Amino acid sequence: MTPAPHRVPGELFDAMAAGLGGPQSLRLLASAEHSRRLALVHAVTRAAQDTGGATAAEARRAWEVLAAAQRRDPDRAAAVLTHPAAGPALVRLLVRLDRLRDGTAGAAAPRPSLSWFTALAAAAAVRSGLPERLRWTPDGPWVTLPSVGHAHVPGAGADGHGPV
């Protein structure tokens, strides 16, 4: 899962700046956004690794599943990573992990939940047909798999109930 460099030919840049560009510009922009999401996934994984413990282990497992889904079916894995909710959620998680890592989160700050990150990996596994099993404690009774759907799971959640 290595992001590729992106180059915009001058004439395409001019067309996009004028509000034109057509399918070629859309493909280029989509590819760049996918690369940005891959970079975010990598950054989240590295930041979680730096915090250690269960956070690092959960992030490593999610990374492994995301990478396997990418190898199995890159288009379907990309559909999960480029889901509209994925980018902002990854940025929020990265900020929380960075604050924890650099000490600006405060001494009493809890470890950030990786439930959304693990759900992202689970969604990629489902979409790519990867026979993987992941367990995590969701943040509440609703379990969302980005680009797949969501379900209400009574008794699940971070409020002391079990994992899904």
Review point. Which residue pairs have Cβ atoms under 7 Å apart, sit 6 or more places apart or on different chains, and have a first residue in the stretch 26-37 that is over 12 Å from Pro5 (Cβ atoms) and a second that is basic (Lys, Arg) and surrounded by fewer than 15 Cβ atoms within 10 Å (Cβ to Cβ)?
Key: none
Practice item. Evaluate the stretch 69-83: report whether one residue or more is part of a loop (DSSP other than H, G, I, E, B) and free of Cβ contacts under 8 Å to residues at least 24 places away in the same chain. Key: no
Review point. Would it be correct to say that Val126 is closer than 30 Å to Leu28 by Cα and in contact with a helix residue (DSSP H, G or I) (Cβ under 6 Å, 6 or more places away or on another chain)?
Key: no
Exercise for review: Could you list, in sequence order, all residues of the stretch 18-63 that are farther than 15 Å from Ala119 by Cα and among the acidic types (Asp, Glu)?
Suggested key: Glu33, Asp50
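Rundown of residues vs (1) closer than 20 Å to Leu120 by Cβ; (2) at pLDDT below 95; (3) within 16 Å of the chain's Cα centre (by Cα); (4) crowded, with 16+ Cβ neighbours inside 10 Å, yes/no style:
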| position | (1), (2), (3), (4) |
| --- | --- |
| Gly10 | no, yes, no, no |
| Ala17 | no, yes, no, no |
| Gly21 | no, yes, no, yes |
| Leu29 | no, yes, no, no |
| His34 | yes, yes, yes, yes |
| Gly52 | no, yes, no, no |
| Thr55 | yes, yes, yes, yes |
| Leu66 | yes, no, yes, yes |
Check your understanding: If you go through the stretch 95-106 one residue at a time, do you hit one that is over 17 Å from Asp50 (Cα atoms), among the charged types (D, E, K, R) and modelled with pLDDT of 90 or more?
Key -> no
Exercise for review: Report the residue count in the stretch 124-152 for those that are under 18 Å from Leu114 (Cα atoms), aliphatic (A, V, I, L, M) and in a loop (DSSP other than H, G, I, E, B).
Suggested key: 1
Review point. Considering Arg92, Arg99, Arg111, which residue is in contact with a Leu (Cβ under 9 Å, 6 or more places away or on another chain) and surrounded by fewer than 17 Cβ atoms within 10 Å (Cβ to Cβ)?
Key: Arg111
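The values are calculated or read from the model by the stated rules, or taken from the named source; none is laboratory data. If you're wondering where the values come from, they're calculated on a predicted model, not measured in any experiment. Reconstructed Cβ throughout: ideal geometry from the backbone, glycine too, with neighbour counts over all protein chains shown.
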